[in-house]
Amino acid sequence: MKQHWKTVAGAVTLSAGLLIGSGASVNAEADPAWKLKPEANIQMDQSVLEQAPSFISGKLSTQKINSKQDVDKFFKENKDVFKKNPKSQLELKDVKTDELGMTHYVYQPVVHNVPIDQSRVIVHVDQQGEIAAINGEFHPDAPEKIKQQRELNKKEALDAAWSQIDVERSEADVKKKSPEGKSFNNLTEKSELVVLPQDGEYTLAYHVQLQFAEPTPGNWQIWVNAEDGSIEKAMNKVHEATGSGTGVLGDQKSLNTYYANSTYYLYDVTKPMSGVIATYDNNNGGQYSLPGYYVTDSGNTFYSERQKAAVDAHYYAGEVFDYYYDNFNRESYDGNGADIVSSVHFGSNYNNAAWVGNQMIYGDGDGSTFTYLSGADDIVAHELTHAVTDTTAELVYENQSGALNESFSDVFGYFVDNEDWLMGEDVYTPGVTGDALRSMSNPTQYDQPAHMDDYQDLPNTEQGDWGGVHINSGIPNKAAYYTINSIGQSKAEEIYYRALTVYLTPNSTFSDARQALIQSAQDLYGSTTANSVASAWNNVGVY
Ligand code: TI1
Ligand code: ZN
């Protein structure tokens with residue numbers, strides 16, 4: 001006959017637990033005090049009706065139980081009830097006492113020293129030393145049902161598991177630094193020989209665990225057949241979750257998070273797109289350490305001061321995603337489900353936020369000009385709209401096309417946060433109410449021109465704000481204000497979206513924008529609306 005077990009996890013040591021059943025020598029005299037009382041409430045699992053009980057409750061024996069040896073003896077005396085198989089054992093894992101004075105003996109069922117995966121038998125002893133309940137899984141059939149031999153070693157099982165998933169080991173096996181500067185491994189790998197119970201069958205398998213945060217959070221649980229290396233079962237046990245957080249302004253909000261490796265991430269997989277929304281902490285590192293560290297919380301409650309900026313960057317990125325998706329059926333900024341990545345705590349005392357080509361960055365502000373810039377939804381919409389522009393009209397970031405680029409970001413910032421015509425007011429000059437960085441209804445209030453007569457010819461340098469992109473944007477902003485006032489937001493947003501995605505080109509001028517918007521209005525709503533758009537631009541001197 002074929003021998004079912006070659007070697008078992010290397011050493012053949014004797015289990016610390018007891019061996020019960022006909023093969024074991026039971027020295028105890030038959031003593032009725034140790035026997036299960038007839039009135040015990042024995043619950044049989046439907047699927048294992050003829051097997052072992054899954055839960056027994058009531059006062060189970062008159063004999064007092066004071067130690068592990070006593071539990072062993074109780075099992076031996078009642079082996080028929082538990083249908084204990086001589087080839088399986090119970091290994092004591094843990095003894096816990098609780099506040100009611102009860103003691104709980106936790107056992108791991110093992111077969112020839114190999115644990116039966118994710119199985120336990122627990123004996124609950126009350127304060128008086130009486131067994132109050134026993135529950136768990138005995139798996140009496142396991143020894144007979146295992147048909148494999150161990151051919152693979154741990155390493156081979158790991159390799160088989162890696163080949164099963166779409167992350168390369170080299171991508172995950174990197175060192176990470178915690179925000180406190182401690183270095184830790186991104187990757188945890190475990191491979192343990194187990195007996196895998198599945199639908200009444202038992203397979204000798206390696207339970208492989210691959211846990212990593214990068215490149216995307218993973219908590220893979222993979223069972224590899226120990227004989228032929230086939231995959232018995234594989235699942236990524238990262239879970240989407242709903243967390244909560246405190247925003248920059250102290251407001252509470254609910255957050256889409258992810259659970260993996262016993263922690264929660266600001267990582268939103270719930271949006272109707274292939275990509276995710278991931279939020280990082282740059283830890284004041286600057287552009288060479290982007291994106292930074294995932295923002296995590298062990299309790300899914302992102303309430304700390306440090307987490308506030310991340311909470312809002314994450315929350316508002318989701319809100320802006322929804323805005324573009326609900327209004328224009330646009331999946332993410334590129335219309336193709338790209339990941340939306342944000343890093344907060346960018347640089348130090350940085351009074352700005354930006355789209356840097358592949359992600360957003362948010363400064364903390366210096367505390368007097370700005371506080372954490374992600375705390376304003378119009379800023380988040382402004383930045384993400386730059387990403388939309390970059391994948392559509394590609395307006396060149398200098399002179400008039402640059403000012404249009406800035407203006408479209410402000411206009412969509414308004415659409416998302418339309419309570420007032422101010423930009424950035426939520427985080428601008430904390431402590432001073434009512435002011436803002438810019439106003440669309442009254443650009444001159446914050447030193448921006450509101451008419452072509454006041455257009456500022458500035459040098460195309462960083463000093464000159466690339467020809468005044470944040471200055472001259474006041475002119476198209478004011479035109480947008482007139483437009484929205486006359487035709488209403490819902491028509492205006494369709495018109496602006498159409499102009500941006502259909503008509504504008506990289507070097508469009510203010511005049512071109514006027515024409516693009518008039519044309520879009522004509523396409524969508526006809527001449528009356530188109531005329532309203534035209535007069536809005538007439539009002540700012542752009543023809
Ligand atoms: S896109 C980004 C430009 C950053 C350039 C530096 C690399 C930008 O325009 N940021 C906005 C942030 C903002 C938006 C603040 C709305 C308040 C309201 C911006 O306007 N920045 C100002 C401070 C600027 O760069 O002049
Ligand atoms: Zn901008």
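Worth pointing out:
- Within the accessible area of segment 90-171 (1.4 Å probe), percent carbon and sulfur: 45
- Farthest positive-ward along segment 394-514 dipole, Cα basis, beta-carbon charges - from V416, F510, P449: F510
- Pairwise centroid distance, computed over Cα atoms, of segment 125-163 with segment 246-295, Å: 37
- Residues of segment 465-508 with an amide N closer than 12 Å to a point placed 7 Å from the Cα of Q445 along the Cα-to-Cβ direction: none.
- Modelled label positions at K93 and E156, each set 7 Å beyond Cα in the direction of Cβ, lie 2.8 nm from each other.
- Rounded FRET efficiency, nearest 0.05, which uses the C-beta distance separating S511 from F328 and R0 of 35 Å: 0.90
- Sequentially through segment 100-107, phi angles give Karplus couplings (6.51, -1.76, 1.60; θ = phi - 60°) of 8, x, 7, 10, 10, 9, 9, 10 Hz, Gly and Pro residues having no value and appearing as x.
- Cα centroid separation, segment 436-495 to segment 75-121 (Å): 74
- Contour excess over end-to-end distance, with Cα ends at S230 and R120 and 0.36 nm allotted per residue: 37.0 nm
- For segment 229-324, size of Cβ-based charge dipole, Lys and Arg +1, Asp and Glu -1, in debye: 180
- Nearest-ten-degree value, helix 510-525 long axis tilted from longest Cα axis of the chain: 70
- Computed on protein heavy atoms with a 1.4 Å probe, the accessible areas place H314, H112 in the order H112, H314, largest first.
- Taking Cα atoms only, the orientation of helix 68-77 departs from the longest principal axis of the chain by about 60 degrees.
- Relative compactness, segment 278-434, computed as alpha-carbon Rg over 2.2 N^0.38 Å: 1.00
- Taking each residue as 0.36 nm, the span from Q127 to Y543 lengthens on full extension beyond its C-alpha to C-alpha distance by 140.8 nm.
- Relative contact order (percent, whole number), the chain, Cα cutoff 8 Å, 6+ residue spacing: 7
- Solvent-accessible area per residue in segment 370-441 equals 28 Å², computed with a 1.4 angstrom probe and all protein chains kept.
- Spacing of the two label points (7 Å from each Cα toward its C-beta) at N135 and L249, in nm: 4.8
- Treating each Cα of the chain as an identical point scatterer and summing with the Debye formula, the log10 of I(q)/I(0) at q = 0.05, 0.09 Å⁻¹ comes to -0.36, -0.78.
- 1.4 Å probe accessible area per residue over segment 176-305, in Å²: 42
- Among the protein heavy atoms of segment 248-299, carbon and sulfur supply 43% of the accessible surface, probe 1.4 Å, non-protein parts ignored.
- The portion of the accessible surface of segment 503-543 made up by carbon and sulfur, rounded to a whole percent, is 45 (1.4 Å probe; DNA, RNA and ligands excluded).
- A simple spin-label model places the labels of S348 and E192 4.5 nm from each other, with each point 7 Å out along Cα-to-Cβ.
- Dipole in debye (nearest 20) - segment 146-301, about Cα centre, beta carbon charges: Lys, Arg +1; Asp, Glu -1: 380
The values are calculated or read from the model by the stated rules, or taken from the named source; none is laboratory data. This structure is a prediction, so every number in the text was calculated from the model and none was measured. Reconstructed Cβ throughout: ideal geometry from the backbone, glycine too, with neighbour counts over all protein chains shown. Side chains are part of the model used for accessible areas, which takes the heavy atoms of the whole protein and leaves out ligands, DNA and RNA. Shrake-Rupley method; radii C 1.70, N 1.55, O 1.52, S 1.80 Å.
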